[in-house]
Amino acid sequence: MTVWDRPEPPARPVPLDRERIVAAAVALADEGGLEAVSLRKVAARLNAGPMRLYGYISTKEELLDLMVDEVQAEILPEEQLGDWREALRVLAHRTRQATLRHEWLADLLGGRPTLGPNGLAVAEAKLAALDGLADMDTVMRAVETVSAYFTGAIRREVANLRAERATGLSKRDWQRANGPHVTRMLATGRFPALSKAVHDGSDVDAEASFSTGLDWVLDAVAAKLTRPRA
């Protein structure tokens, strides 16, 4: 029986339920990452005995599933979305925004589908955006492609944020610190394409980069949707 189907035990002196447990776990992860989350630490935060939590959640994996589903509620848009392109764009941006609020989510994106009510609703919203526009295999590949793009882009952005905190160097500071080495390597003439990118390329912020890449992926999906069927 999954955690979604298993009933909760009756309440005891210290009020406890899955909602309180998940809220405490999310708070711990927001403060210290996934390594800060354990059933024992969650129990301590709730002033409850660790063994009581096992009546609600059997494993840390179940707790992580519940945490992800809780945050996925933030991804679901409140307003009615427009066409398929706007719908997928909004869902991608809301996923990025939710992950920047809860950086630990980046470590859990892209694995097996989440089966909680909010996770299923997010999956439904993605598929519904393209419903009727192509055969089901094309729809599924399109959703997978868009999801793969924003998952990778979000993970890269979070990795950069973590690197800044770990090193104490901003992106500009890191570039300045490594500039002499890069200049020497480019001067060898062995990396002409990279040299051109460094000297002629524009530096854009993470949000602009995310938006541009997403639009290009959506353009590719649009080309598939408009291609005549064989």
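Counting pairs of alpha carbon atoms under 8 Å apart in space and at least six apart in sequence, what relative contact order in percent does the chain give?
16 percent
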Discussion item. Would region 1-115 count as rounded, prolate or oblate if I go by the C-alpha gyration tensor, calling it rounded below 1.5 in a/c and otherwise prolate when a/b exceeds b/c, oblate otherwise?
Written reply: prolate
Item to complete: Within 10 Å, count the other beta carbons around each residue, average over each peptide in 1-9, 97-105, and list them highest first.
Response: 97-105, 1-9
Fill in: 30 Å Cα-Cα reach of residue 171 towards lysines, excluding residues that sit fewer than 8 places from it in its own chain
196
Worksheet entry | Estimated [θ] at 222 nm from DSSP helical runs (n ≥ 4, -39500 (n - 2.57)) normalised by residues in the chain, nearest 500 | -21500 deg cm²/dmol
Fill in: Under 10 Å, Cβ to Cβ, from residue 62 - net charge with Lys/Arg +1 and Asp/Glu -1
+1
Worksheet item: Shape of region 83-218 from its Cα gyration tensor (a ≥ b ≥ c, root eigenvalues): rounded if a/c is under 1.5, otherwise prolate when a/b > b/c, or oblate?
Response: prolate
Worksheet item: Taking residue 224 as the anchor, which lysines have their alpha carbon closer than 28 Å to its alpha carbon, excluding any fewer than eight residues away along the same chain?
Response: 126
Item to complete: Take the solvent-accessible surface of the protein heavy atoms, probe 1.4 Å, and return the percent of it on the chain that carbon and sulfur atoms account for.
Response: 55 percent
Worksheet item: Straight-line reach from residue 41: which aspartates and glutamates have Cα under 13 Å away, leaving out those fewer than 8 places along the same chain?
Response: 31
Worksheet item: Let a ≥ b ≥ c be the square roots of the eigenvalues of the Cα gyration tensor of the chain; is it rounded (a/c under 1.5), or, if not, prolate (a/b larger than b/c) or oblate?
Response: oblate
Worksheet entry | Mean accessible surface per residue for region 1-58, computed with a 1.4 Å probe while every protein chain stays in place, in Å² | 58 Å²
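The values are calculated or read from the model by the stated rules, or taken from the named source; none is laboratory data. Just so it is clear, the model here is predicted, and its values are computed rather than measured. Glycine gets a Cβ as well: all are built from the backbone with ideal geometry, and neighbour counts include every protein chain shown. We work out accessible area using only protein heavy atoms, side chains counted, and drop any ligands, DNA or RNA first. Shrake-Rupley method; radii C 1.70, N 1.55, O 1.52, S 1.80 Å.
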